[in-house]
Amino acid sequence: MSFGPFLLLALMEGLVTAAVLALAASGLSLVFGVMRVVNVAHGEFYMLGAVIAWFVTTLVPGPAWAGFLVALAVAPVAVGALAAAADRLVLRRLDYDPEATIVATIGLLYMIQQAALSFYGPDARPVAAPFDWRLQLPWFGYSGYKLFVVLAAAVVLLALWLFMTRSKVGLVMRATQVDRDVAQAFGIDVDLVYMAVFGIGAALAAVAAVLIVPIQQAHYLMGHDPLLLSFIVVIIGGLGSLRGTVVAALVIGLSDGVISMFFSPTLAKILATLLVALVLVFRPQGLFGVRDR
Amino acid sequence: MSLLEARGLTRHFGGLRAVDGVDFDLRPGEVQGLIGPNGAGKTTFVSLLSGRIPVQSGTIHLAGEDITRLPAQARVRKGLAYTFQITSIFPGLTVFDNVALAVQGGRAQIGSWRGGGAALEAAVAAALGQVGMADLAGQGAGALSYGHQRLLEVAMGLALQPKVLILDEPTQGLAAGEIAGFMALVRGLVPAVSVLLIEHNMEVVMGVADRITVLNFGRVLARGTPAQISADPAVQEAYLGA
Amino acid sequence: MSGAKVWALHLAVLVALFAAQYLLPPYHATNLARVLVLALFAMGYNLAFGYTGLLSLGHALFFAGGMFAAGLPAYHFGFSAGPALILSLLGGGVLAGAVGLFALRTAGVSFMIVTLMFAQAGYLTLIYFNAWTGGDQGFAVPASGRSLFGFALSSDGPRFAVAWGLFALGFLVCLALVRSRFGRVMVAMRENEERSRLLGYNPFVVKLIVLVISGLYAGLAGGAWALLFGYAGASFATIQYSILPMLYVLLGGAGTVAGPVLGAALMFWLIELASGLTSAWLFLVGAALVVLVLFAPKGILGWVREKVWRGLP
Amino acid sequence: MTNLLMPSRRALLKGAGAGVLAGMLPATVGAQAAPIKVGFQLHRTGIGASYGRWYERTVTAALKKINAEGGIAGRPVEILFEDDATDPKRGAEVVDKLTQSDGCDVVMGTLFSHVVMGSAPRAGELKVPYLVCSEGYHVASGALNRWTLQPGITDVRSQISSMAPWVAANLGKKVTMFYPDYAFGYDHRDHFSKAIAAQGGEMVAMIAIPPTETSFTRYFAQIPADTEVLYHVMVGPAVLTFVKELGEFYGTGPKPQLFGFVDSLEAVDTATPGLEFLEGSHFWEAHPRVKPADAGEFEAGYREAVGVDDNGTSVSDAKDVATYSHMFSTWETLHFLKQAMEAAGYTGPADRQKLVEAMEAITDLPYGPERPQGAKVFNGKTHQVFGVQHISQIQSGKLVQVHTTSMEDGMYEDAVDYTTMAF
C-alpha cells in the first residue's frame, strides 16, 4: 500500500483507539479526580458492561439496534448499582484509605471475574453492531461502526462535561473534588457524593463497554487492558481534567497508530509505551494538570 | 563582614515581582528581624535564601562562599537552617527520631550508620533540652500539642547545628507564656548562631532583634535598629497603608 | 523498644521458618520455599513502598530482570548457580537504577504509572527478543545452571536451604537497614519529603538508593526463582507480578519487617485452601481479601503495631 | 454454565468414581483394588479456560469409558482436576500438589506451552510421568526431560509441515503470515517458512502481533500487494476481531487466498455474523469439527460419549462449540496411559520409571475407539506422537473437510533422543 492511504489508515485507526481510550477512561477520570482512590476493579466494571450487553442482545428479539439500545440502558444501571453498593459496603468503611482501597478493589476484581467466568463462561463472544455498514475506499475498506464509536465518544464526553460544569449535581461533585472538608462544611453530604461518583464512574465504564464491545468481543478477562490504559490516559491527561483525558487519549491513540506504520508491531508497542512514559517523566503533572504544591 | 549576604536577589512569578533586587546582610552573632506587610515577599525571600525556590538573578554568599546555585539540602549541610512557617514535622515518628534526623543530616553529620550512638543521643538531648522538651523524646510527634510541635520544629532547626538559623514565624499560634520563653531561647542562641527571624508579632521582633529589615512590594523599605524602624515614617505608612 | 528483644524476636522467626521444613509434609515444605522467595521479593518492595512511600507498579521488571540475568547465562553459556545469582542481583539493581533515574523525577500516581509503563516495555522487550528469551514460553534452566557448590538445587533439601538462606539474608539486612540511620531517613521521605530536604537530605538520591536496594532484592528473588524452580519466562514480567508483592505487603503490614513474609504465606495458603474447596476459588479469595482489609486496613502487622506493640519495626 | 459456588470438580469426581466402583464396573474389578489416580492440570481459569472446559469434558468421558471397560489392569481410575490458572508458576505448583499432596500416579492434560515449560522441570524433579496435550514443539525439540511426553496430539511442527505441500499446490506460493508474538506463533514462523520453501514457495512477510492486542486493521496495511496466500494463526479472545477486521479491510475488493489454523476458531461458531468473510477459505483441522461423510467407524461413538453432535457443538446447547481439534488429545492420552500401564505391569509410584520406558517402547497406534482422531505413530526417542491432519473449507458457514494428509507429510528428523537421558 502506498504511503498516503497507509497514513490515512493509521490515522483512522489512531482516532478509533483514541475514542476507545477516552470512553474507557472517562469514568475513571471522574472517580480518580473526585475521590483520589485507585480503583483496581474499574476494568471489571467495564467487562461487566460488555457481558451484560451480550446477555441483553441475546435475549432481546428483533433487529440488532433494539437489543443494543436496551443494553445501553440496562448495563450502566446494573453496573452503577453494583458499584454504589460496593462503595457503601466496603470503601466507605475503609474511609477511602488509599492502600486499603487497593486491596479491597483487588478483592472485588477477583470476585467479579469469577462471577463472570461462572455465569458467562470462558469464551469470547461477539456482540453484533447495531448497524451493518462498511466504508469502501479505493485502497481499503473500513468498518462504519468504528467511525460511529468515535462520534459516540465525542457525545459521551461532551455530555459528561456538560453534566460536570452545568448541572447542580456536577457542581457539588466538583466542590467535593476541590476540598472535601469545605464541601462538608457547606452541608454537602460527602458520603452520598462519593457513592454517586463511584456509581456513575462504573456506569460510564459500562456505557463505554456497550459501545466498544461490537468492535471487540465480550470476554471475562477483557477488563485488564482498559484498566491499565485508562489509568495511563487519566494520569497523562492530568488528574481529574476531562479536557486532559481527551487530549491524552488523542496523543496516545494517534502516536500508537502512526508508530505502528514504521516498525514491526511489537517493537512499535515498545516504543509507544516508552514514549508515553517519557511524556510523564518530563511533565509529571500530566498535560493539563496542576502541579501539587 | 557579613555571615549571610544577598545581592540583587530577584524572583518574579509571572508579572508579580515577589522579590525585586534585594540586598541583605546578616552579621555574625546577631538576631535580625524581617518584617513587612502581608504579601511583601518575606516568605519568598527566605525561600530563596534557603534554596526552596531557585533564584532568578542575584547572588547569595554564606561565610564568603557562593551558595546561589546550591540545592536546599546542600545549604543545610553548609550551616544554613530553615524552620517552617507551617508546622512541618514527621508525625509518624517519635520526637527523638524527628530531632535525630536533624542531628544526623545537618552540618555535623553526627551518629553511626546504625542510627544510634552516644554522640547522637547527646546531641538530640541537647536540642530538646534547649526548647524544654527533654522529657517528651519518646512521644509520637503527631500526638504533641500545637505549641510543642512548634517547639519541636525549632529544636530540629537547632539540632542541625547551623551557623545561620532562619525562623519563619515561629511564635504563630503560641500562648503568651510560651512566647516569653521563646524570646529568651532566641536570645540565648547568639552569638553561637546568627538568627534571621520573620515575625508578625511586633513585640517579639522589637524585643529580640538587634536589627530589623523591612520589606515592601519585594523591595527593602527600611533597615535599622528596632528604635529606628519604629520611628521610620515610611514603615509606618506601609503598615498603615496595608 | 530494646534492640536485643527486636533482634531476638526476628531471629526466632527465622529459626521457626527453618524448622518448618522438617515439620511440614514435603509438598508444603516446597511451598514454603516458594513463599520465602516471593517474600524476599516482597521485602524489597516493602523497602520502597512500605518504608519510603514509593508506590511502584514496575517491580515485575526487576524480578524478571533478575530471573533472566540468571537464567539466560545459565541457559546459553552454561553458567552455574553461584555466578548466575550474582548476575541476578546486578540485573535487578541496574534495572531499578535505570528506571529510577527517570521515574523518580515524578511522584505519587505519576510514579506509579511511569514504573508500570517501563515494566510493560520490559515485558514486550522480552517477547521481542524471543530468539534469546523464549518469549512467553520461556525456557527450562538446565541442570548445570542449577548447581551451587556441588549441590543440586533441584532436590528438596538444598533448594529449601538456599531459599531460606537468601530470605534470612534479606530479612536481617532489612531489619538492620530500617533500624539504621538510613532507615530513619527512608521513613522521613515517606512522611514528609520537603521537610527532609530542609534537614540536609537529597530526596532524589535517597529514593534512588532505596529503589536500587529494592531492585537488588527483586532481582535476587527472580534469579533464585529461576534456579530453584528451573524455569524462566516472560509471564513473570507481567503487571500481575508487580501487584503481587504489593498485595503481600499490604496484607502483612506495610512498613514492617515481617509483614511481607506473613502476607506472602497468607496469600499462598489462602489460594491453596480456596482452590481445594471450590472451583470458583477466585471468588473466595476475593471475598477473603475484602474481609481482611475491613478487619485490618493497615495489614495484619500494621494492626498489631497499632493495637499491641507500637515499637514493632 | 456452572453454579457459582459449586463444589470443586475434584470432589465431585471422587464421588463419581465411588459410584462407578459400586455399580458400573464388571466383576473383574475388585472393590478393594485401590484406584489409579491421574492428576489433571486444567486451564479452568485464565486465558486458556475455553479449552480447559472441553478438556475436562472429554477426559471425563474417556474416564467413564475406561472404568466401564474394567479400568486399568483391573483397577479403577480416578481423575483429580486442579486449576493452573493458565499460568506457568501455578502450573508447577499444581504438578507438585497433584503428585505430592494428592498422591497421583501421573500428571496429564496441559495445553498452553508456557505452562508446559514452567511445569515440566518440576515433573522431572518429582520423577512423575507428565503427559501433555499441548501440540507445542517443545517436547520433540528436546527442551524438556525424560518424564515429559506428548502421546495424544501431533505437534505443530509436524502439522505445519504437512500443510505446506497442499497450500503451495492449491492456494499459492507467496505467503504472508500473521502470527501471535509468542511461542505458538514461533512454531509457525520457524517451520512453515522452511516447509513452504521446500515446496518452492516463499514468505513475503511475517507479521508478529504482540500479546493483548485488540485491534489489527493497522497491521493489514503491511501486507505486500503480491501476496497470494494469507496465513493466519491467531489465538485468544481477540481472534474474532482479527477475522472481522480482515473482512472489513478487504471488503469486496480483490483479496489473497486465506489459510488458517482452526486454533483461531476453536470454541467459535463459524457461522457467527461478521465471519462471512471466511466463506471459501481453508483451515487446518486435526479432527474435523463437522463430521465428514467418510468419517471412521469410531467417530460416532466418540461424539456420543463426549456429548457432541455432528456439527461439533454440545448436544445440550447448539451454541456451545467444542475445541474439537484439540480435545481428543486428552481422550487419546488417557488411553495411551492405560496401554502403557498395562504393558509395564504398573502397580504404583515405584514403577513410574518402568512406565515411561513402556511408553517409549510403544510405536504403532492403530485407529480404534481409543484413537478417534486416527491412527498414530509414537516416536519413543522424541516422546512425540504423529498422526494425519485434515484441511477443511468453510462452505455455507460450515467447515467441510476437503483434504487429508498422509502421515509421511508430517515427519521430520529427530532433534533429540530422550531415551539416552538419565531419569
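Note on chain D: Rg/Rh from Cα positions, Kirkwood definition for Rh, rounded to two decimals, is 0.97. Taken as Cα centroids, segment B:132-161 and segment D:30-82 sit 70 Å apart, rounded to the nearest whole angstrom.
Other residues within the sphere of radius under 9 Å centred on the Cβ of C:Ala254, judged by their own Cβ, net out at 0 (K and R +1, D and E -1). Computed over chain A, the per-residue total of -39500 (n - 2.57) for DSSP H runs of n ≥ 4 gives a 222 nm mean residue ellipticity of -25000 deg cm²/dmol, rounded to 500. With the helix formula -39500 (n - 2.57) applied to DSSP H stretches of n ≥ 4, chain D reaches a computed 222 nm mean residue ellipticity of -10500 deg cm²/dmol.
3J(HN,Hα) along segment B:136-147, derived from phi through the Karplus expression 6.51 cos²θ - 1.76 cosθ + 1.60 where θ = phi - 60°, amounts to 9, 4, x, 6, x, 5, x, 8, 6, 5, 4, x Hz, with x in place of Gly and Pro.
Expressed as a whole percent, the proportion of Cα-Cα pairs in segment B:86-161 lying more than 22 Å apart is 12%.
Taking a ≥ b ≥ c as the square roots of the Cα gyration tensor eigenvalues, segment B:48-185 comes out oblate, since a/c reaches at least 1.5 and a/b does not exceed b/c. Here chain D is treated with +1 on each Lys and Arg Cβ and -1 on each Asp and Glu Cβ, and its dipole about the Cα centre works out to around 740 debye.
Considering segment C:224-313 at the alpha-carbon level, its Rg and Dmax are found to be 14.9, 43 Å.
FRET efficiency for the A:Trp161 to B:Ala175 pair, using the beta carbon distance and R₀ = 35 Å, is estimated at 0.10.
Evaluating 6.51 cos²θ - 1.76 cosθ + 1.60 at θ = phi - 60° for every residue in segment D:260-270, the Karplus couplings come out as x, 9, 5, 3, 4, 10, 4, 6, 10, 6, 5 Hz, glycine and proline recorded as x. Given +1 at the Cβ of Lys and Arg, -1 at the Cβ of Asp and Glu and no other charges, the dipole of chain A around its Cα centre is 460 debye to the nearest 20. Dividing the Cα radius of gyration of segment D:192-339 by its Kirkwood radius returns 1.01 for Rg/Rh. In the protein assembly as shown, a dipole from Cβ-located charges (positive for Lys and Arg, negative for Asp and Glu) runs towards its positive end, and of A:Gly4, D:Pro292, D:Gly397 it is A:Gly4 whose Cα lies farthest in that direction. Centre-to-centre, using Cα atoms only, segment C:6-76 and segment C:179-219 are separated by 22 Å.
Please list log₁₀ I(q)/I(0) at q = 0.11, 0.15, 0.18 Å⁻¹ for segment C:1-139, using the Debye equation with identical point scatterers on the alpha-carbon positions. Relative scattering, expressed as log10 I(q)/I(0), comes to -0.56, -0.94, -1.13. Distance distribution P(r), segment D:61-136, all Cα-Cα pairs, bin width 10 angstrom from 0: 19, 48, 27, 6 percent. Each of A:Leu117, A:Leu228, D:Leu98 was scored by the projection of its Cα onto the charge dipole of the protein assembly as shown, and the greatest displacement toward the positive side belongs to A:Leu228; charges sit on the C-beta of Lys, Arg, Asp and Glu. Note down the net charge around C:Trp269, summing +1 for each Lys or Arg and -1 for each Asp or Glu among other residues with Cβ under 13 Å from its Cβ. Result for the neighbourhood of C:Trp269: 0. Only helices enter this figure: runs of n ≥ 4 DSSP H residues, each worth -39500 (n - 2.57), summed and divided by the residues of chain C, yield -24500 deg cm²/dmol at 222 nm to the nearest 500. Looking at segment B:42-121, the trypsin sites (Lys or Arg not before Pro) that sit in a DSSP loop and have at most 11 other Cβ atoms within 10 Å of their own Cβ are B:Arg69. A convex hull fitted around the alpha carbon atoms of the protein assembly as shown yields 183 Å³ per residue. Near the amide H of B:Leu221, within less than 5 Å, lie the amide hydrogens of B:Val214, B:Leu215, B:Asn216, all on another chain or at least 5 residues away, with H placed in the peptide plane. In chain C, a dipole from Cβ-located charges (positive for Lys and Arg, negative for Asp and Glu) runs towards its positive end, and of C:Gly170, C:Asn192, C:Tyr22 it is C:Asn192 whose Cα lies farthest in that direction.
For chain A, the calculated P(r), taken from all Cα-Cα distances in 10 Å bins from zero up to the bin holding the longest distance, is 7, 27, 35, 23, 7, 1, 0 percent. For segment C:3-307, the spread of Cα coordinates along the three principal axes comes to 53, 42, 41 Å, biggest extent given first. The amide H of D:Ile209, built 1.01 Å from its N in the peptide plane, has D:Tyr179, D:Asp181 as neighbours under 5 Å, considering only residues 5 or more places off or on other chains. Placing +1 on the Cβ of every Lys and Arg and -1 on the Cβ of every Asp and Glu, with nothing else charged, gives chain B a dipole about its Cα centre of roughly 620 debye.
Here the convex hull built on the C-alpha positions of chain B has a volume of 126 cubic angstrom per residue. Greater than 31 Å separation of Cα atoms is the criterion. Which listed pairs, D:Lys37/D:Lys89; A:Lys269/D:Lys291; A:Lys146/A:Lys269; C:Lys207/D:Lys97, meet it? Where the Cα-Cα span goes over 31 Å, the pairs concerned are A:Lys269/D:Lys291; C:Lys207/D:Lys97. Counting pairs of Cα atoms in segment C:186-231, how many percent are more than 17 Å apart? Considering segment C:186-231, 48 percent of its Cα-Cα pairs are separated by more than 17 Å. Separation of segment B:1-77 from segment C:83-140 is 43 Å, based on Cα centroids. Scalar couplings 3J(HN,Hα) for segment A:281-288, obtained by applying the Karplus form with A = 6.51, B = -1.76, C = 1.60 to θ = phi - 60°, are 4, 9, 9, x, 7, x, 6, 10 Hz; x denotes Gly and Pro.
Where a number appears in this text, it was derived from the coordinates with a stated rule and is not lab data. The shown structure was predicted, so the numbers you read here are calculated from the model rather than taken from an experiment. Neighbour counts are summed over all protein chains in view; Cβ atoms, including those assigned to glycine, are modelled from backbone coordinates with ideal geometry.
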